[in-house]
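The values are calculated or read from the model by the stated rules, or taken from the named source; none is laboratory data. Here the structure is a predicted model, which is why all the values come from computation and not from measurement. Virtual Cβ from ideal backbone geometry, glycine too; neighbours counted across all protein chains shown. What goes into the accessible areas is simple: the full protein's heavy atoms, side chains included, and nothing from ligands, DNA or RNA. Shrake-Rupley method; radii C 1.70, N 1.55, O 1.52, S 1.80 Å.
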Amino acid sequence: MQIDYRQAAEIIRNSDNIHILTHQSPDGDTIGSGFALYFALTKMGKKSAVICPDGVTSRYAFLSEGYEEPEQFEPETVIAVDIADPNLLGDLKEKYADRIDLCIDHHISNIMYAKHTLLNGKASAACEVMYRLFEELGLELDDRTAKCLYTGIATDTGCFRFSNSSREAHEIAGRLIEYNIDFAQINREMFDIKSRARIQLEQYILSNMETYFDERCAVLCITEELRQSLNVQNEEFDGVAGLPLQIQGMEMAVTLKEKVSGQYKVSMRSAGRVNVSEMCQQLGGGGHVCAAGCLVNGTLEEAKAQVLEIAGKAMGE
Ligand SMILES: [Mn+2]
């Protein structure tokens with residue numbers, strides 16, 4: 001059931017022991033909104049734990065500074081943040097999928113799996129929804145909460161470059177930088193600094209990608225064998241899917257990354273003209289107009305053929 005800010009605030013006021021779930025392959029928004037909620041709940045005198053299916057990767061560890069892992073407890077309330085579909089819970093799916101009381105999200109593709117869903121499809125990030133929820137709760141933010149919320153908005157808007165960078169997103173970010181946060185450093189860490197392995201990965205991708213439909217669609221294939229040979233950790237693939245869109249004239253980019261043998265995680269990015277959310281929906285996935293994903297079974301060639309058929313139609317080929 002979809003609920004509003006007032007009702008979501010009520011649920012939070014009435015719960016004392018809360019598990020906060022983030023999605024697998026974590027990004028700045030899920031980790032940022034998860035820990036922002038933890039800090040807020042702590043301030044309200046409530047017990048909570050942030051549970052991340054892939055752990056807090058080193059890239060986002062700065063957002064969890066000040067987190068104190070509580071002893072294991074049975075939650076009264078389970079809250080999922082930035083999670084459009086319980087399949088994104090990874091290893092946590094079995095334990096939690098059927099018992100999520102509140103989902104706080106901004107994906108229009110949310111399948112409404114939670115008992116209550118606070119969804120703002122116009123929000124740039126779950127962190128933007130979280131900011132409004134804290135307002136509704138009358139909570140005063142502090143530096144570490146502001147740092148989490150700012151990072152989520154900055155990362156989900158591609159540093160305020162994507163079309164979801166609304167006036168609202170800018171205004172909230174403006175209020176967040178009033179706190180003592182080093183936003184220049186956060187953006188440098190999130191957008192400029194890369195590991196050597198990542199630079200090697202980018203070099204590999206740009207020289208080995210395939211292009212289709214008059215060079216308007218790029219396809220990147222990353223098998224597990226290739227990942228290992230490049231010595232790149234899974235967490236370092238964040239943002240790779242959009243890389244080909246830096247090339248003039250490129251309209252969409254598709255990345256096929258081997259998840260397990262016979263299954264590929266497909267990430268699609270659009271420069272704005274084509275709707276990749278619709279394409280991914282045809283394959284059982286979803287997301288945003290310019291950034292979406294799905295899982296495809298089969299060999300690499302089979303997966304690629306499926307994706308190219310749908311992409312070709314969408315691009316008028
Ligand atoms: Mn998000």
Legend entry - ARG227 accessible area, assembled protein chains, probe 1.4 Å, Å²: 30 Å²
Legend entry - Under 9 Å, Cβ to Cβ, from PHE213 - net charge with Lys/Arg +1 and Asp/Glu -1: -3
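Once the convex hull of the alpha carbons of the chain is built, what does its volume come to per residue, in cubic angstrom?
Working: hull volume 41.6 nm³, N = 317.
That works out to 131 Å³ per residue.
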Legend entry - Nearest 10 degrees, 0 to 90: helix 143-156 Cα axis against the chain principal axis: 20 degrees
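Mind checking the per residue accessible area of the chain for me, 1.4 Å probe, whole number of Å²?
Numbers: 14860 Å² over 317 residues.
That works out to 47 Å² per residue.
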Inset, instruction - Go through the range 50-133 and name the GluC sites (Glu not before Pro) that are in a DSSP coil and have 11 or fewer other Cβ atoms within 10 Å of their Cβ. - result: GLU65, GLU68, GLU71
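Sort the range 1-48 into rounded, prolate or oblate with this rule: let a ≥ b ≥ c be the square roots of the eigenvalues of the Cα gyration tensor; rounded if a/c is under 1.5, and if a/c is not under 1.5, prolate when a/b is larger than b/c, oblate otherwise. Spell out each step's value before the answer.
Working: a/c = 2.14, a/b = 1.30, b/c = 1.64.
Because a/c hits 1.5 or more and a/b fails to exceed b/c, the range 1-48 counts as oblate.
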Inset, instruction - Report relative contact order for the range 196-314 in percent, whole number only (criteria: Cα-Cα under 8 Å, sequence separation at least 6). - result: 19 percent
Legend entry - the range 143-201: relative contact order in percent, alpha carbon pairs under 8 Å with at least 6 residues between: 43 percent
Inset, instruction - Sort by residue number and report every cysteine in the chain with no other cysteine beta carbon within a distance under 4.7 Å. - result: CYS52, CYS103, CYS127, CYS148, CYS159, CYS217, CYS221, CYS290
Legend entry - C-alpha long axis of helix 300-314 to longest principal axis of the chain, angle in °: 80 degrees
Legend entry - 24 Å Cα-Cα threshold exceeded, pairs from LYS95/LYS122; LYS95/LYS259; LYS95/LYS194: LYS95/LYS122; LYS95/LYS194
Legend entry - Share, in percent, of DSSP beta bridges within the range 196-314 that are antiparallel, nearest 5: 75 percent
Legend entry - Whole-Hz couplings from phi, Karplus 6.51/-1.76/1.60, listed for the range 18-35; x for Gly and Pro: 10, 9, 9, 10, 10, 8, 5, 6, x, 10, x, 6, 5, 5, x, 6, x, 6
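Which chymotrypsin sites (Phe, Trp or Tyr not before Pro) in the range 7-97 sit in a loop by DSSP (not H, G, I, E or B) and have at most 14 other Cβ atoms within 10 Å of their own Cβ? Provide the component values of the computation, followed by the final result.
On the way: sites: PHE35, TYR38, PHE39, TYR60, PHE62, TYR67, PHE73, TYR96; in loops: TYR67, PHE73.
Here the sparse-neighbourhood loop sites are PHE73.
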Inset, instruction - Can you find, among SER109, GLY158, PHE39, the residue farthest towards the positive end of the dipole of the chain? Put +1 on the C-beta of Lys and Arg, -1 on that of Asp and Glu. - result: GLY158
Inset, instruction - Please report how far the C-alpha centroid of the range 181-233 lies from that of the range 79-150, rounded to the nearest whole angstrom. - result: 28 Å
Inset, instruction - Report VAL240's accessible area, 1.4 Å probe, all protein chains in place, as a number in Å² to the nearest 10. - result: 0 Å²
Inset, instruction - As a check on your grasp of the helix formula, calculate [θ] at 222 nm for the chain: sum -39500 (n - 2.57) over DSSP H runs of n ≥ 4, divide by the residue count, round to the nearest 500. - result: -10500 deg cm²/dmol
Inset, instruction - Give a quick list of GluC sites (Glu not before Pro) in the range 192-259 that DSSP marks as loop, anything other than H, G, I, E or B, with at most 15 other Cβ atoms within 10 Å. - result: GLU215
Legend entry - Net charge over other residues, Cβ less than 14 angstrom from the Cβ of ASP54 (K, R count +1; D, E count -1): -2
Inset, instruction - Calculate how steeply helix 196-208 sits against the longest principal axis of the alpha-carbon atoms of the chain, using the helix alpha-carbon long axis, and give the answer as 0 to 90 degrees to the nearest 10. - result: 40 degrees
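Return the carbon/sulfur percentage of the accessible area of the chain, one whole number, probe 1.4 Å, all protein chains in place.
So the carbon and sulfur contribution to the accessible surface is 45 percent.
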